[in-house]
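Readers should treat all values here as calculations from the given coordinates under stated rules, not as data from a laboratory. For clarity, every value in this text was computed on a predicted model and none was experimentally measured. Cβ coordinates were reconstructed from backbone atoms using ideal geometry, including for glycine residues, and neighbour counts include every protein chain displayed.
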Amino acid sequence: DVKVTQSSRYLVKRTGEKVFLECVQDMDHENMFWYRQDPGLGLRLIYFSYDVKMKEKGDIPEGYSVSREKKERFSLILESASTNQTSMYLCASSFPSGRVAYEQYFGPGTRLTVT
Amino acid sequence: SQKIEQNSEALNIQEGKTATLTCNYTNYSPAYLQWYRQDPGRGPVFLLLIRENEKEKRKERLKVTFDTTLKQSLFHITASQPADSATYLCALGLRTGGGNKLTFGTGTQLKVEL
């Protein structure tokens, strides 16, 4: 069974703090993704990575950065947390798609509250 | 502008009936489309994938259709059960330079009542 784990289920941080969200997958997937999910806005892609040390901006990268030093681990960094970054953060992974499309496997999510 | 639209209002149906959920999109040319199920407080779980050259896909009680002319996908659950109650997300598969990425709709909440 594919397993995607996230470091915390719930996190409360103060405005201006640096926040690290960690994601680990155990299926040797090349692709990894970070999304945030907000009511009425759905899942929005922040960043994704298709290989170690490779990253590509998603639809809403502002205020975030990422790190992928090892294949199984993808970190999302909030350099200076703000209240508008309060959200559910979801990590996902998948095999790369060429002619074949693959599904994404999601972690359980981290509910981040910035006060 | 690009849009993916799913019914924002919850769909309530009786147990045993067929649930039909709609996903419409504009200004996208997806290579494929996926449907996911999401339960409260959990991450989405993949259900079905359909490619641009396919009209219909089935898996047990699930059926997906994909009409690239109408820019629409329909997701059907036959003989629905209370355990099918969840939010269902459609996602368009778009090819980028570095690999595939998905763009998600906002989801439709399905409630199956006894």
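How compact and how long is the range B:3-108, expressed as Rg and Dmax of its alpha-carbon atoms in Å?
For the range B:3-108, the Cα radius of gyration and maximum Cα-Cα distance read 13.5, 45 Å.
Looking at the protein assembly as shown, I'd like the Rg to Rh ratio, where Rg is from alpha-carbon atoms and Rh is Kirkwood's inverse mean 1/r.
Computed over Cα atoms, the ratio is 0.97.
With no solvent and one equal point scatterer placed on each C-alpha of chain A, evaluate the Debye formula and give log10 I(q)/I(0) for q = 0.13, 0.18 Å⁻¹, two decimals.
Reported log10 I(q)/I(0), two decimals: -0.45, -0.86.
Multiply the residue separation of A:Lys70 and A:Val52 by 0.36 nm, subtract the distance between their alpha-carbon atoms, and state the gained length in nm to one decimal.
5.9 nm
Other chains' Cβ within 10 Å of B:44-54 residues: what's the mean?
Partner Cβ neighbours, averaged per residue: 3.
Could you tell me the relative contact order of chain B? Use alpha-carbon pairs under 8 Å, at least six residues apart, and round to a whole percent.
Relative contact order comes out at 35 percent.
Distance between Cα centroids, the range B:22-98 to the range A:1-48: provide it in whole Å.
After rounding, the separation between the Cα centres reads 22 Å.
Got the relative contact order for the range A:4-96 handy, in percent, Cα pairs under 8 Å and 6 or more residues apart?
Relative contact order of the range A:4-96: 37 percent.
Can you give the local net charge around A:Met88? Use residues other than it whose beta-carbon is closer than 15 angstrom to its beta-carbon, Lys and Arg +1, Asp and Glu -1.
+4
What is the distance, in nm, between label points placed 7 Å from the Cα along the Cα-to-Cβ direction at B:Glu9 and at A:Ser8?
Placing both labels 7 Å along Cα→Cβ, they lie 4.0 nm apart.
Please compute, for peptide B:28-35, the average count of beta-carbon atoms on other protein chains lying within 10 Å of each residue's beta-carbon.
For peptide B:28-35, the averaged partner shielding equals 2.
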